[in-house]
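The values are calculated or read from the model by the stated rules, or taken from the named source; none is laboratory data. The structure presented is a predicted model; accordingly, all values stated were derived computationally and were not measured. Here the Cβ is made from the backbone with ideal geometry for all residues, glycine too, and neighbour counts use every protein chain on show.
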Amino acid sequence: MEVQNQSNKPYSSGVFMQIVVKYKKHLLSIGIIAIIFSAIFSSPYFITPLYKSIVILYPTASKSISKALLAESFGNTKDILEFGEEEQTEQMLQVLNSNKIRDKVIRNYNLLEHYNISTESKYKMTKLFKMYDDNFRFRRTEFMAVQITVYDKDAQLAADMANDIAELVDSTINQMQKEVAVKAFRIVKTEYNALKAEVQLKEDSLTVLREFGVHDYESQSEMFNRQLAIEMANGNTAGIRRLEKKLEILAKYGGPYVSLRDALEHDKKQLSKIKARYDEAKVDATESLPHKFIVSNAYKAEKKSYPIRWIIVIITTFSALFLAIVLFGAFEVSTGRMSFEVKKKSIDIGKRAKEIVFNHKYEERKPLPVTLKDEPKKETKVTTVESKKVEQKETEGNKEVKVVLDQHQITPTETRKEVKREHKNIEMDSFFNSSNLLNLVWKWKYHLLIIIAVAALFAAIFSGPAFITPMFKSYAIAYPANVDSYSEESETEQMLQIINSQDIVDSVINRFDLATHYEIDKNYKYFKTVLFYEYHQNVSVGKTLFESVMIEVNDKSPDTAMQMVNAILEFYNMKVARLHKSKYVEVADMYEKQLTKKRAYLDSLKQVMIELGTEYGIFEYEFQSQEIMRGYLKTVMGQNGSQINTKEVERLLESMKNKSGQLIEVVQMIQDESRTYVEVKLDYEMAIRFLDAEMTYTNIVTYPFASDKKSYPIRWLIVVVVTLAALVFAMLVILFLEKRKLVR
């Protein structure tokens, strides 16, 4: 039974060892040859040795120079000497994988020539980028640091390139940040200069008012009212007239003076704050700081790191031995040497069947045993398979004869069925064994070879440009900038949502006339559905591992693919700007209406103030009321009470009684409205500045380029898959035919 089980498993341990023992000399020769050839072909003559250099660095926690250095930002950000965390590490990895650093390294070290890539090659850039990706690797360590690994045939060059890439991190990040910082500095500079000009304008306006004689409203009104009371007491009509003219001027220009003075004071405070932002933006736009802490610099390796010859020799040797054992086993099975037990079993069953049939026929020819009544009873037993005794009484003359028959359960028909069933069980048990499969392959080898050849030929033909349009891929990697999340989503998720919006899709379709480009009939019933399906099949937008956004476009034209990526980024900036400006328009309109109302209200208050000053002679409650009471009580110091203009005092006193409440209310309202007017005006100007600003909302890490090699279809993969599928299908058909033949 054990031998039989092993015969059904040609590659079981027992048979495996038999093959090893039987072919030990061959295997020994194959092993020696594999060792020699693997040692030879892994030598520098065939495989260029590569040397490895490694740089390990940490990103900094702070990205803004102004927030890290200027005193006004202390406490608002992380320390510049603090190591970055996971977010900063992922951002640095994305920058290291960007085409900005790749292109600089390729250009600085002329890698196209260094890698011996012909400039006349059709796919020179694709080969160059693949070599770069194979030899330059960036990863995050378990300690949240960034490891830069460079392989090259020149040990010193590998170290130099690794160190240069670490230095390029600073310049690349600074360049990306300065693209935004310069635009931000321009905005802040415009705002600062505008506010500075406005402050200067207000100071000039105050200078004009001072030329009219309004220097300090509160002090002058106090002094004029006091002097007016004195002149009234002295009865100096000319002096009273002069003071009244000055008071008229003060009443006319006092309100604007107070408004301008308060607004100027507020603007100067705002100017001081904006000046601080201006200085910060200027520092960010003009200065640079390192963005890394280098833990370990690269050095010239003394020993090559690739290839590791002993590993190649061991793997090659074991692979050769294993393949040889498999082939020897297949050879044994195909020649029938491994299936002798099954054949032997079949032969034994055949012999048994013949014996059963023979015994049955023999028993039919054998004379029946007869036992006379007078004689002792004798019985003859015939050794047959599963027989049983049957007694039958017959009359033969005057004697009673007892006939004993051996009645067999297996008739000839049943014998054939049993033999056939046993054969069938044996064949079905071993039908799907590896030996039988190999026998079937060998039996149908010519058919299978023809099927494989035809499948490979058709796959190669139908995967060609005549049947499948080749597609070229272009992509860009970008981070969102100058945006805030609308709800709980991140800025990256917000960017993904906006790029996938319908208006951007429609804009790209219209700009490149994709309906014609994709050869879709515009009169087709489901034209829009097919067009959008084709668009989303060829354009994909996703989030990378480093929280950036990757935009990929596949198209039959490499230039069109690149232009579509740029167009998507352009439309994204336009849409975000449109979204922001639509809100700023609403804000600006709201502030403008509010300013108009406040301006009209202030003018009405000033008009009331002028009427109170010109018609009633009151314009400052505190000082005028003090002087009126002194004149009314005739307590003017140094003057004779009889010389006080009592009539004028009584008139002013009456006016003060009737209009003092209104005067106090108007003065207070003018001050409050002037202050709120300035605040609203600053908010309005801020909204106008953002409305007029031309900003971008992306930090592009990798710019799109026109690919020189198609990305779809991969013909060799199609040929391999189709060929294997045809082979599997052919084997299934062959198994079906063989099984059907066996059943028959």
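Look through region 454-502, keep the residues that are of a type in the set (Asp, Glu) and surrounded by fewer than 12 Cβ atoms within 10 Å (Cβ to Cβ), and return whichever of them is farthest from Lys710 (Cα to Cα).
Keep residues of region 454-502 that are of a type in the set (Asp, Glu), which gives 484, 488-489, 491, 493.
Then drop every residue that is not surrounded by fewer than 12 Cβ atoms within 10 Å (Cβ to Cβ), which leaves 484, 488.
Numbers: Asp484: 38, Glu488: 40 Å.
For region 454-502, the residue satisfying everything is Glu488.
Using beta carbons and a limit of 6 Å, which pairs, at least six apart or on different chains, have the first residue in region 185-196 and among the hydroxyl-bearing types (Ser, Thr, Tyr) and the second one assigned to a helix (DSSP H, G or I) and at pLDDT below 85?
Tyr192/Ile274; Tyr192/Tyr278
Anything in region 132-145 that is modelled with pLDDT of 90 or more and not charged (D, E, K, R)? List them, or say none.
Tyr132, Asn135, Phe136, Phe138 - these are the residues of region 132-145 that are modelled with pLDDT of 90 or more and not charged (D, E, K, R).
Restricting the search to region 474-507, which residues are in contact with an Asp or Glu (Cβ under 6 Å, 6 or more places away or on another chain), within 26 Å of Leu96 (Cβ to Cβ) and of a type outside the set (A, V, I, L, M, F, W, C)?
Of all residues in region 474-507, those in contact with an Asp or Glu (Cβ under 6 Å, 6 or more places away or on another chain) come to 475, 480, 483, 485, 492.
With the extra rule that they be within 26 Å of Leu96 (Cβ to Cβ), the set shrinks to 475, 480, 483, 492.
If the condition is that a residue be in contact with an Asp or Glu (Cβ under 6 Å, 6 or more places away or on another chain), within 26 Å of Leu96 (Cβ to Cβ) and of a type outside the set (A, V, I, L, M, F, W, C), then Tyr475, Pro480, Thr492 are the ones that fit.
Across region 28-48, what is the number of residues that are more than 14 Å from Leu323 (Cα to Cα) and without any contact (Cβ under 8 Å) to a residue 24 or more places away in the chain?
Here the count works out to 7.
With (1) touching a helix residue (DSSP H, G or I) at 6+ places or on another chain (Cβ under 7 Å); (2) under 30 Å from Glu248 (Cβ atoms) as the list, and Lys543 as the residue in question, which single condition is left unmet?
Lys543 satisfies all of (1) touching a helix residue (DSSP H, G or I) at 6+ places or on another chain (Cβ under 7 Å); (2) under 30 Å from Glu248 (Cβ atoms) except (2).
With closer than 19 Å to Pro704 by Cα, out of contact with any strand residue (DSSP E or B) (no Cβ under 8 Å at 6 or more places or on another chain), in a helix (DSSP H, G or I) and without any contact (Cβ under 8 Å) to a residue 40 or more places away in the chain as the only criterion, which of Glu534, Glu570 stands out? Let's see the steps before the verdict.
Working: Glu534 fails: closer than 19 Å to Pro704 by Cα.
From the options Glu534, Glu570, the qualifying one is Glu570.
Answer yes or no as to whether Ser221 is of a type in the set (Gly, Ala, Ser), out of contact with any helix residue (DSSP H, G or I) (no Cβ under 6 Å at 6 or more places or on another chain) and in a helix (DSSP H, G or I).
So Ser221 does not fit the description; no.
Quick check on Gln563: is it under 30 Å from Val678 (Cβ atoms) and part of a helix (DSSP H, G or I)?
Numbers: under 30 Å from Val678 (Cβ atoms): no; part of a helix (DSSP H, G or I): yes.
Spelling it out, it is not the case that Gln563 is under 30 Å from Val678 (Cβ atoms) and part of a helix (DSSP H, G or I).
I'd like the residue in region 298-317 that is part of a loop (DSSP other than H, G, I, E, B) and touching a Ser or Thr at 6+ places or on another chain (Cβ under 9 Å) and, out of all such residues, is nearest to Thr48 (Cα to Cα). Walk me through how you get there before you give the answer.
Here is the first cut: in region 298-317, the residues part of a loop (DSSP other than H, G, I, E, B) are 298-305, 307-308.
Then keep just the ones that are touching a Ser or Thr at 6+ places or on another chain (Cβ under 9 Å); that gives 298-301, 307-308.
Details: Ala298: 21, Tyr299: 20, Lys300: 17, Ala301: 15, Pro307: 8, Ile308: 12 Å.
Within region 298-317, the match that is nearest to Thr48 (Cα to Cα) is Pro307.
So, in region 673-709, of the ones that are modelled with pLDDT under 85 and assigned to a loop (DSSP other than H, G, I, E, B), which residue ends up farthest from Met550 (Cα to Cα)?
Ala693
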